[in-house]
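Enquirer: One structure follows; several queries about it will come next.
The values are calculated or read from the model by the stated rules, or taken from the named source; none is laboratory data. Please read these numbers as outputs of a predicted model, since none were measured by experiment. Cβ atoms come from the backbone with ideal geometry, glycine included; neighbour counts cover every protein chain shown.
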Amino acid sequence: MVGRQEQALRGNRRDIYIPKAKMLTSAPHLYIRRPSPTTAEFTVTTCPRLTLPLRIALLGLLLLRIVTIFLVLLALYTQYGAAITTLSYPYPHFGSSPSASSSPTATVSGRVGIAEPRTATSGRGRKWATSLKRTNSDPYVTIPEPIQLVLLTLASTSLGQSVDGVVSMLPTWAFLAISASLLYIALFRRIHTTESVLVLRGLGIQTSSSSEGGIWGLNYISRLIGFGNGHGHPNNSSMPACLAIGNGGGVGNKTRFIPTAQIQDVLINEAFRGFEVRYYLVVIVQGEEDVVVLFPGLLPNKRIVETVWREVKACLYEQADGTSWQKRGSITHSQVQGGVGEGWNTGPRASFEKG
Amino acid sequence: MAPTYRIAMVCDFFYPQPGGIESHIYQLSTKLMDRGHKVVIITHAYEGRTGVRYLTNGLKVYYVPFMVVYRSASFPTVFSFFPIFRNIVLRERIEIVHGHASLSSLAHEGILHARTMGLRTVYTDHSLFGFADAGSILANKLLKFSLSDVDHVICVSHTCKENTVLRASLDPLMVSVIPNAVVPEDFKPLSPAEATNNNQKSSSSNNNTSSNQAPVPVRRLLGPHDPITIVVISRLFYNKGTDLLTAAIPRILQNHPNTRFIIAGDGPKSIDLEQMIEQNVLQDRVEMLGSIRHEEVRNVMVRGHIYLHPSLTEAFGTVIVEAASCGLYVVCTRVGGIPEVLPSHMTVFAKPEEDDLVAATGRAIADLRANKVRTELFHEQVKNMYSWTDVARRTERVYNGICGDISEVEFYGHDATANVAGWTATRGRSGVRSFALIDRLKRYYGCGVWAGKLFCIVVIVDYLLYVFLEWWFPRRNIDICPDWPRKNKVKTG
């Protein structure tokens, strides 16, 4: 794992527990950053440490996403491209002009602009072909002609033909469903979730959650490749890319700030979730009926929850004698195992139920 | 030093719902915790109460979200409870699963799953069942299934034991009798101060309960024309003998002037009672209070002199112990486990029929008027007979026995082990004591020609589900709960 020296190098960041990475993600684990004695940031993430194989795998995944998107678009174009085509195709067997239609060598499925019955067309193609007569001269959508040209050329290559061949075997609803879900996964699914809690003494608690690993984060991609890693943390190039999310921002980043005056308490509770009983951290906010759950998406295990709880308490409230909780009694494993701390909720106040 | 265990009480019935089984589980759990054990309670969710709660002393209750079908019993889905049950058992590191009540499907499922997981199981039966009607036959078959593979069974009375042994074809040696108990502090007779308050019709009688503790009970002497109040507290269902009550009340009141009734409780038969009151114009002599809370029972009881219990079937009848503890003379039907409960000088027995009930009540009234009954002594006597501490101690002995912490000779008695070589009560019907799946199947197979095979399939599916869960939700990912600081903590082996 991490050598002591390296830990010292990284200075104010501490790793609590990094489980072994599975494929591309790991079980939720915790990073604690303490820029000053009165500030602490707790980050729980499923993004493992970026090693070279992992970087390659992630980049490969990115590439796979792009290829998937491209293929889906191509398939869509071969099926329904006629509606947006204004350009007549330069080759005689393909195009919108009825005069160029009778060639029996037409292999490019000839959907586009073919009016009369053909041998190599599927049902979808014919349907479109009949309606095309009307729309041909006045398409609903116009796209720039150079792009049309590229698409048409691609559709006529062997790749386009094979895509079309595969797609023609599927019924329409299946084709649409598959392409929609593929597009959704390739565009919007993220593989890593990061949730963090920033505690500022005297100010309050800010929670934020974000997910990364999609194709939208330029920061993320550049960090994968290795440029500009770390956002002012030159030493930790091996830190997960997601950790910079607080600084760099990400897509779908949700934050919420709770001022100290409104925080009644921070405590650990238990609740049923799915087929499990989980521990989770809650903040009781004055004037709100529901409690605010920290790390709501990841719901990390008890060890993390307990560590964060102790440190949040220590950071948020200064003790009367000026020392923080941490200095008075360091957290040892036996303590964690031993007994029930004062933060264990025994009241009916927080009844959080999910799922 | 005595070994301690981590015990899970599984039952559909628990607070906030009031009732005998509920308070039994609560009292037993708190007393077991006083003895240094760890106890959690697993029940299904009630309206507005879902999730994990801590009660007094750190008694932890899991209100598992479930569907309720009939009289707050959950829907018997056999397997759907397993994933969450396993999670709770693992995170609390449970060693003994103790199911309660034969109508609670949660308890039966819990016992089945616990055996699949290789835990020790105990089952407590609180009720009597018939053998004749279709519902009972089905219920008995299910009980037989569930008890095919249980380590020990506890019944609340000897009658109940007899009934359970017959219904589930058990070896009588693996069934213990441990009665219910009462909390004597909650059922004190009227103290003199309260009595004077009552005479002045003061309403704040219950406030003095704790402050005035008369060390020597005062004897209340009844004159020949003093009014006698008969109290009935029961849910007004058929099996509680409400029909008998409806028939008997006019005759009793006719035979005995200066008597009146107080009836507390609610149920489908309350309409019959009200009709009877209307028809006989007894509004001034019969008072119906409707449903009352368990805390108020004592305050109702101490208003009377006689407690009438006309139940048609009863496994134990905690309420007559409570009545006796309040210093009431008890008239009850000779059914089920009731004759075992109280000594004869506290009770007048009747056959469960109208004439005999009227006659028995008449005898009781005559006895009281003659001042032959020392009701003021009942409280101390009951206090010595029934205590939850004692129940917990005896239950703990059962736990010791099934966990092998006391020898079989000590647990089952010398004769049992001496007669047949290598005999153990926990072997069950097939005579094999083993947690191996094949041996468990042998035990279930004996349940019936078709039922046996069906039950075997259920057990196999349960086992496969267990294997699947071990793979899908691995043990190492389940957080272990820290134990609540135990009383006089002892090291667990």
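Enquirer: Going residue by residue through the stretch A:300-309, is there one that turns out to be away from every other protein chain (no Cβ under 13 Å) and at positive phi?
Expert: No; the residues of the stretch A:300-309 include none that is away from every other protein chain (no Cβ under 13 Å) and at positive phi.
Every residue, every condition in (1) of a type in the set (Ser, Thr, Tyr); (2) more than 22 Å from B:Gln17 (Cα to Cα); (3) touching a residue at least 40 places away in the same chain (Cβ under 8 Å), yes or no:
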{"site": "B:Glu274", "(1), (2), (3)": "no, yes, no"}
{"site": "B:Leu282", "(1), (2), (3)": "no, yes, no"}
{"site": "B:Glu296", "(1), (2), (3)": "no, no, no"}
{"site": "B:Val321", "(1), (2), (3)": "no, no, yes"}
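Enquirer: (1) in a loop (DSSP other than H, G, I, E, B); (2) over 15 Å from B:Thr242 (Cα atoms); (3) touching a residue at least 60 places away in the same chain (Cβ under 8 Å): which one isn't true of B:Leu368, the others all being true?
Expert: (1)
Enquirer: When only residues in the stretch B:434-460 that are in contact with a helix residue (DSSP H, G or I) (Cβ under 9 Å, 6 or more places away or on another chain) and either within 12 Å of chain A (Cβ to nearest Cβ) or in a loop (DSSP other than H, G, I, E, B) (or both) count, which is nearest to A:Ile304 (Cα to Cα)?
Expert: Among residues in the stretch B:434-460 that are in contact with a helix residue (DSSP H, G or I) (Cβ under 9 Å, 6 or more places away or on another chain) and either within 12 Å of chain A (Cβ to nearest Cβ) or in a loop (DSSP other than H, G, I, E, B) (or both), the one nearest to A:Ile304 (Cα to Cα) is B:Phe435.
Enquirer: Turning to a different aspect of this structure: Scan (1) in a helix (DSSP H, G or I); (2) assigned by TED's automatic domain parsing to the domain that holds B:Phe66; (3) hydrophobic (A, V, I, L, M, F, W, C) for the single condition B:Ala193 breaks and write down its number.
Expert: Only one criterion in (1) in a helix (DSSP H, G or I); (2) assigned by TED's automatic domain parsing to the domain that holds B:Phe66; (3) hydrophobic (A, V, I, L, M, F, W, C) is unmet by B:Ala193, namely (2).
Enquirer: For residues that are over 13 Å from B:Pro83 (Cβ atoms), away from every other protein chain (no Cβ under 14 Å) and touching a residue at least 40 places away in the same chain (Cβ under 8 Å), tally how many sit in the stretch B:461-485.
Expert: 2
Enquirer: Here is a further query. Taking interchain pairs and intrachain pairs at least six residues apart, which have beta carbon atoms under 7 angstrom, with the first residue in the stretch A:259-282 and more than 8 Å from chain B (Cβ to nearest Cβ) and the second assigned to a strand (DSSP E or B) and of a type in the set (Lys, Arg)?
Expert: Pairs that qualify, where the first residue is more than 8 Å from chain B (Cβ to nearest Cβ) and the partner is assigned to a strand (DSSP E or B) and of a type in the set (Lys, Arg), are A:Arg273/A:Lys354.
Enquirer: Run down B:Ile320, B:Ile277, B:Ile271 and say which single residue is part of a helix (DSSP H, G or I), surrounded by 15 or more Cβ atoms within 10 Å (Cβ to Cβ) and more than 19 Å from the chain's Cα centre (by Cα).
Expert: After applying the criteria, what remains is B:Ile277.
Enquirer: Looking only at the stretch A:181-212, how many residues end up being under 24 Å from A:Phe70 (Cβ atoms), assigned to a strand (DSSP E or B) and of a type in the set (S, T, N, Q)?
Expert: Here the count works out to 1.
Enquirer: B:Ile84 versus (1) within 26 Å of B:Ser127 (Cα to Cα); (2) in a helix (DSSP H, G or I): which is the lone unmet condition?
Expert: Of the numbered conditions (1) within 26 Å of B:Ser127 (Cα to Cα); (2) in a helix (DSSP H, G or I), the odd one out for B:Ile84 is (1).
Enquirer: Taking the stretch A:1-37 as the search range and keeping residues that are at pLDDT below 85 and among the polar types (S, T, N, Q), which one is nearest to A:Val312 (Cα to Cα)?
Expert: The selected residue is A:Asn12.
Enquirer: Taking the options B:Phe131, B:Phe79, name whichever one is away from chain A (no Cβ under 14 Å) and assigned to a loop (DSSP other than H, G, I, E, B). Spell out the reasoning first.
Expert: Details: B:Phe79 fails: away from chain A (no Cβ under 14 Å).
Every option except B:Phe131 fails the conditions.
Enquirer: Just to be sure I understand the filter: pairs with C-beta atoms under 7 Å, separated by 6 or more residues or on different chains, first member in the stretch B:446-460 and without any contact (Cβ under 8 Å) to a residue 24 or more places away in the chain, second member crowded, with 16+ Cβ neighbours inside 10 Å and in a helix (DSSP H, G or I). Which pairs pass?
Expert: B:Gly452/B:Tyr444; B:Gly452/B:Tyr445; B:Cys456/B:Leu441; B:Cys456/B:Tyr444; B:Cys456/B:Tyr445
Enquirer: Under the condition of being modelled with pLDDT of 85 or more and part of a strand (DSSP E or B), which residue from the stretch B:19-48 is farthest from the other protein chains (Cβ to nearest Cβ)?
Expert: Checking each candidate, the answer is B:Val39.
Enquirer: Another question, if that's okay. Condition check: buried (at least 20 other Cβ atoms within 10 Å of the Cβ) and either closer than 30 Å to A:Ile268 by Cβ or modelled with pLDDT under 85 (or both). Does B:Ile94 satisfy that?
Expert: Criteria met by B:Ile94.
Enquirer: Regarding B:Val330, is this residue touching a Phe, Trp or Tyr at 6+ places or on another chain (Cβ under 6 Å) and in a strand (DSSP E or B)? Break it down stepwise before answering.
Expert: On the way: touching a Phe, Trp or Tyr at 6+ places or on another chain (Cβ under 6 Å): yes; in a strand (DSSP E or B): yes.
Yes: the conditions hold for B:Val330.
Per-residue answers, yes or no, for (1) of a type in the set (Ser, Thr, Tyr); (2) within 23 Å of B:Ala45 (Cβ to Cβ); (3) under 14 Å from the mean Cα position of the chain (by Cα); (4) not in a loop (DSSP other than H, G, I, E, B):
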| site | (1), (2), (3), (4) |
| --- | --- |
| B:Ser127 | yes, no, yes, no |
| B:Gly135 | no, no, no, yes |
| B:Asp149 | no, no, no, no |
| B:Ile154 | no, no, yes, yes |
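Enquirer: Then there's this: Looking for whichever is at pLDDT 90 or above and in a strand (DSSP E or B) here; the options are A:Val305, A:Val293. Which one fits? Don't jump to the end; show me each part of the working.
Expert: On the way: A:Val305 fails: in a strand (DSSP E or B).
After applying the criteria, what remains is A:Val293.
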